[in-house]
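Report on the structure given below.
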Amino acid sequence: MSYSNKVAIYPGTFDPLTFGHLDIIERSLKIIDKLIIGVAAETPKQIQFSLKDRVDTINLVLEKYFPQENARAVGFEGLLVDFARNERVNLIIRGLRAASDFEYEFQLAWMNTKLASEIETLFLPASEKTHFVSSSIVKQIARLGGDLKEFVPKEVSQQLKDYYGQYPK
Ligand code: COA
(Lines give C-alpha, C1' and ligand atoms only; values in the text may rest on other atoms or scores of the structure.)
Protein backbone atom coordinates (compact mmCIF):
# COMPACT_ATOMS: atom_id res chain seq x y z
CA MET A 1 0.00 0.00 0.00
CA SER A 2 1.42 3.44 -0.83
CA TYR A 3 1.13 6.25 1.67
CA SER A 4 1.56 9.98 1.48
CA ASN A 5 4.26 10.99 3.96
CA LYS A 6 3.06 14.59 3.98
CA VAL A 7 -0.28 13.86 5.60
CA ALA A 8 -0.96 12.89 9.22
CA ILE A 9 -3.96 12.14 11.38
CA TYR A 10 -4.45 13.92 14.68
CA PRO A 11 -7.02 11.71 16.43
CA GLY A 12 -9.00 12.47 19.55
CA THR A 13 -12.37 12.78 21.14
CA PHE A 14 -12.31 16.59 20.99
CA ASP A 15 -15.22 16.86 23.40
CA PRO A 16 -14.71 19.78 22.91
CA LEU A 17 -11.75 21.14 20.92
CA THR A 18 -9.56 23.43 23.06
CA PHE A 19 -6.70 25.85 22.42
CA GLY A 20 -4.46 22.94 23.52
CA HIS A 21 -5.60 20.93 20.51
CA LEU A 22 -5.33 23.96 18.21
CA ASP A 23 -1.75 24.49 19.35
CA ILE A 24 -0.88 20.90 18.38
CA ILE A 25 -2.64 21.35 15.00
CA GLU A 26 -0.77 24.56 14.27
CA ARG A 27 2.62 23.11 15.18
CA SER A 28 1.98 19.85 13.30
CA LEU A 29 1.41 21.88 10.15
CA LYS A 30 4.97 23.16 10.43
CA ILE A 31 6.26 19.65 9.80
CA ILE A 32 3.59 18.12 7.56
CA ASP A 33 1.52 19.51 4.70
CA LYS A 34 -1.94 18.35 5.63
CA LEU A 35 -3.60 17.25 8.84
CA ILE A 36 -6.75 15.19 9.15
CA ILE A 37 -8.36 15.76 12.53
CA GLY A 38 -9.83 12.31 13.21
CA VAL A 39 -12.80 12.73 15.51
CA ALA A 40 -13.50 9.42 17.24
CA ALA A 41 -17.00 8.11 17.81
CA GLU A 42 -15.56 5.21 19.79
CA THR A 43 -13.82 6.02 23.06
CA PRO A 44 -13.92 4.71 26.62
CA LYS A 45 -14.95 8.22 27.78
CA GLN A 46 -18.43 9.49 28.32
CA ILE A 47 -19.04 11.97 25.53
CA GLN A 48 -21.08 15.16 25.82
CA PHE A 49 -21.43 16.22 22.18
CA SER A 50 -22.57 14.08 19.26
CA LEU A 51 -20.01 13.10 16.62
CA LYS A 52 -21.70 15.40 14.10
CA ASP A 53 -21.70 18.38 16.48
CA ARG A 54 -18.02 17.85 17.30
CA VAL A 55 -16.98 17.54 13.64
CA ASP A 56 -19.09 20.52 12.51
CA THR A 57 -17.80 22.82 15.26
CA ILE A 58 -14.16 21.80 14.70
CA ASN A 59 -14.53 22.48 10.97
CA LEU A 60 -16.02 25.91 11.67
CA VAL A 61 -12.96 26.71 13.80
CA LEU A 62 -10.50 25.24 11.29
CA GLU A 63 -12.01 27.20 8.37
CA LYS A 64 -11.21 30.35 10.32
CA TYR A 65 -7.75 29.42 11.62
CA PHE A 66 -6.56 27.48 8.56
CA PRO A 67 -8.33 28.97 5.51
CA GLN A 68 -5.80 27.30 3.22
CA GLU A 69 -7.73 24.06 3.95
CA ASN A 70 -4.73 22.06 5.16
CA ALA A 71 -6.54 20.95 8.31
CA ARG A 72 -10.02 19.47 8.28
CA ALA A 73 -12.01 17.29 10.68
CA VAL A 74 -13.44 13.93 9.70
CA GLY A 75 -15.46 11.70 12.03
CA PHE A 76 -14.68 8.01 12.24
CA GLU A 77 -16.17 4.91 13.81
CA GLY A 78 -14.25 1.78 14.67
CA LEU A 79 -10.51 1.45 15.00
CA LEU A 80 -8.16 4.36 14.45
CA VAL A 81 -5.78 2.17 12.43
CA ASP A 82 -8.60 1.22 10.04
CA PHE A 83 -9.47 4.89 9.61
CA ALA A 84 -5.79 5.67 8.95
CA ARG A 85 -5.55 2.90 6.36
CA ASN A 86 -8.73 4.08 4.63
CA GLU A 87 -7.27 7.57 4.45
CA ARG A 88 -3.92 6.10 3.25
CA VAL A 89 -2.09 7.79 6.11
CA ASN A 90 0.59 6.10 8.21
CA LEU A 91 1.43 8.87 10.66
CA ILE A 92 -0.52 9.64 13.83
CA ILE A 93 0.20 12.76 15.86
CA ARG A 94 -0.66 13.06 19.55
CA GLY A 95 0.02 15.78 22.09
CA LEU A 96 1.60 15.10 25.48
CA ARG A 97 0.83 17.45 28.33
CA ALA A 98 2.66 15.93 31.26
CA ALA A 99 4.29 12.75 32.48
CA SER A 100 0.82 11.63 33.58
CA ASP A 101 -0.26 11.44 29.90
CA PHE A 102 2.72 9.35 28.96
CA GLU A 103 1.67 5.88 30.09
CA TYR A 104 -1.73 6.02 28.39
CA GLU A 105 -0.30 7.52 25.21
CA PHE A 106 2.49 4.96 25.09
CA GLN A 107 -0.05 2.17 25.44
CA LEU A 108 -2.24 3.60 22.63
CA ALA A 109 0.79 3.98 20.35
CA TRP A 110 1.94 0.43 21.09
CA MET A 111 -1.49 -1.07 20.51
CA ASN A 112 -1.86 0.81 17.23
CA THR A 113 1.55 -0.43 16.07
CA LYS A 114 0.62 -3.98 17.04
CA LEU A 115 -2.60 -3.68 15.02
CA ALA A 116 -0.91 -2.01 12.04
CA SER A 117 2.88 -2.17 12.07
CA GLU A 118 3.28 0.40 9.27
CA ILE A 119 1.63 3.15 11.32
CA GLU A 120 3.86 5.36 13.49
CA THR A 121 2.94 7.77 16.27
CA LEU A 122 4.67 11.09 16.71
CA PHE A 123 4.32 12.94 20.03
CA LEU A 124 4.44 16.70 20.32
CA PRO A 125 4.84 18.27 23.75
CA ALA A 126 1.99 20.60 24.72
CA SER A 127 3.12 24.21 24.79
CA GLU A 128 3.58 25.98 28.09
CA LYS A 129 0.64 28.26 27.23
CA THR A 130 -1.88 25.43 26.93
CA HIS A 131 -0.59 22.42 28.85
CA PHE A 132 -3.02 23.01 31.75
CA VAL A 133 -6.13 22.98 29.52
CA SER A 134 -8.32 19.91 29.30
CA SER A 135 -11.70 19.25 27.72
CA SER A 136 -13.23 18.03 30.97
CA ILE A 137 -12.14 21.11 32.92
CA VAL A 138 -13.49 23.31 30.12
CA LYS A 139 -16.87 21.54 30.36
CA GLN A 140 -16.89 22.00 34.11
CA ILE A 141 -16.20 25.74 33.77
CA ALA A 142 -18.92 26.03 31.09
CA ARG A 143 -21.42 24.21 33.27
CA LEU A 144 -20.72 26.60 36.12
CA GLY A 145 -20.99 29.67 33.88
CA GLY A 146 -17.28 30.64 33.89
CA ASP A 147 -15.42 32.63 31.25
CA LEU A 148 -14.01 30.34 28.54
CA LYS A 149 -12.13 32.76 26.29
CA GLU A 150 -8.68 31.71 27.51
CA PHE A 151 -9.35 28.03 26.84
CA VAL A 152 -11.47 27.53 23.70
CA PRO A 153 -12.21 29.34 20.41
CA LYS A 154 -15.36 31.49 20.20
CA GLU A 155 -17.28 28.86 18.20
CA VAL A 156 -16.67 26.20 20.86
CA SER A 157 -17.55 28.61 23.64
CA GLN A 158 -20.88 29.29 21.89
CA GLN A 159 -21.53 25.56 21.50
CA LEU A 160 -20.90 25.04 25.21
CA LYS A 161 -23.13 27.99 26.17
CA ASP A 162 -25.94 26.70 23.96
CA TYR A 163 -25.61 23.22 25.42
CA TYR A 164 -25.49 24.20 29.08
CA GLY A 165 -28.17 26.87 28.55
CA GLN A 166 -30.43 24.11 27.28
CA TYR A 167 -29.34 21.35 29.65
CA PRO A 168 -28.21 23.01 32.89
CA LYS A 169 -26.74 20.57 35.39
N1 COA B 1 -3.14 20.59 25.35
C2 COA B 1 -4.09 20.57 26.26
N3 COA B 1 -4.94 19.53 26.45
C4 COA B 1 -4.79 18.48 25.66
C5 COA B 1 -3.82 18.43 24.68
C6 COA B 1 -2.97 19.53 24.53
N7 COA B 1 -2.00 19.56 23.64
N8 COA B 1 -3.92 17.24 24.06
C9 COA B 1 -4.91 16.57 24.65
N10 COA B 1 -5.45 17.32 25.62
C11 COA B 1 -6.49 16.91 26.54
C12 COA B 1 -7.88 16.96 26.01
O13 COA B 1 -8.47 18.17 26.30
C14 COA B 1 -8.54 15.79 26.72
O15 COA B 1 -8.93 16.17 28.03
P16 COA B 1 -9.97 15.28 28.91
O17 COA B 1 -9.22 14.05 29.33
O18 COA B 1 -10.29 16.17 30.03
O19 COA B 1 -11.14 14.95 28.02
C20 COA B 1 -7.42 14.78 26.84
O21 COA B 1 -6.24 15.53 26.81
C22 COA B 1 -7.36 13.81 25.70
O23 COA B 1 -8.40 14.02 24.78
P24 COA B 1 -8.27 13.98 23.25
O25 COA B 1 -7.06 14.72 22.79
O26 COA B 1 -9.57 14.43 22.68
O27 COA B 1 -7.98 12.47 22.94
P28 COA B 1 -8.54 11.13 23.59
O29 COA B 1 -7.54 10.62 24.56
O30 COA B 1 -9.92 11.31 24.07
O31 COA B 1 -8.53 10.24 22.27
C32 COA B 1 -8.50 8.26 20.93
C33 COA B 1 -8.37 8.87 22.32
C34 COA B 1 -9.73 8.79 20.21
C35 COA B 1 -7.27 8.61 20.10
C36 COA B 1 -8.59 6.73 21.14
O37 COA B 1 -9.63 6.44 22.07
C38 COA B 1 -8.89 6.02 19.83
O39 COA B 1 -8.01 5.85 19.01
N40 COA B 1 -10.18 5.60 19.63
C41 COA B 1 -10.59 4.92 18.42
C42 COA B 1 -10.85 3.44 18.71
C43 COA B 1 -9.55 2.68 18.74
O44 COA B 1 -8.82 2.59 17.76
N45 COA B 1 -9.24 2.11 19.91
C46 COA B 1 -8.04 1.36 20.13
C47 COA B 1 -6.88 2.27 20.41
S48 COA B 1 -5.42 1.35 20.68
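The values are calculated or read from the model by the stated rules, or taken from the named source; none is laboratory data. Every value quoted in this text rests on a predicted model; they were computed, and no experiment measured them. Using ideal geometry, Cβ is built from the backbone for each residue, glycine included, and neighbour counts are taken over all protein chains shown. With ligands, DNA and RNA removed, areas are computed over all heavy atoms of the protein, side chains included. Shrake-Rupley method; radii C 1.70, N 1.55, O 1.52, S 1.80 Å.
Taking amide H atoms as placed 1.01 Å from N in the peptide plane, the amide H of Gly75 lies under 5 Å from those of Val39, each 5 or more residues away in sequence or on another chain.
Based only on Cα atoms, what mean projected area does the convex hull of segment 74-114 have, in nm²?
Working: hull surface 13.4 nm².
Averaged projected hull area, Cα only: 3.3 nm².
Only protein atoms count toward the accessible area here, which uses a 1.4 Å probe; on the chain, the carbon and sulfur part of that area reaches 53 percent.
Quick one: net charge of Leu108's neighbours, Cβ under 14 Å, K/R +1, D/E -1?
Values: positive: Lys45, Arg94, Lys114; negative: Glu42, Asp101, Glu103, Glu105, Glu120.
Summing Lys and Arg as +1 and Asp and Glu as -1 gives -2.
Using the 1.4 Å probe convention, the accessible area of the chain works out to 57 Å² per residue with neighbouring protein chains retained. In the chain, the calculated helix contribution to ellipticity at 222 nm averages -13000 deg cm²/dmol per residue, counting -39,500 (n - 2.57) for every DSSP H run with n ≥ 4. Taking the Cα centre of each part, how many Å lie between segment 108-169 and segment 77-97? If you average the Cα positions of each part, the centres end up 18 Å apart.
Counting only whole DSSP H helices of the chain, the ones at least 24 Å long by C-alpha along their axis and with mean Kyte-Doolittle hydropathy no lower than -0.5 are 99-115. With all pairs of separate Cα atoms included, segment 1-151 yields a Kirkwood hydrodynamic radius of 15.9 Å.
So what's Rg/Rh here for segment 68-169, counting alpha carbon atoms and using the Kirkwood radius for Rh?
We get a ratio of 1.04 for segment 68-169.
Each peptide in 57-64, 74-81 was scored by the mean count of other Cβ atoms within 10 Å over its residues; highest first, the order is 57-64, 74-81.
Among the listed pairs Lys52/Lys154; Lys6/Lys129; Lys52/Lys149; Lys34/Lys149; Lys34/Lys129; Lys129/Lys149, those with a Cα-Cα distance over 21 Å are Lys6/Lys129; Lys52/Lys149; Lys34/Lys149; Lys34/Lys129.
When you count, for each residue, the other Cβ atoms within 10 Å and take the mean per peptide, how do 39-46, 148-155, 88-95 rank with the highest first? Each step should come with its number before you reach the end.
Numbers: 39-46: 13.4, 148-155: 18.1, 88-95: 20.2.
Descending mean neighbour count gives 88-95, 148-155, 39-46.
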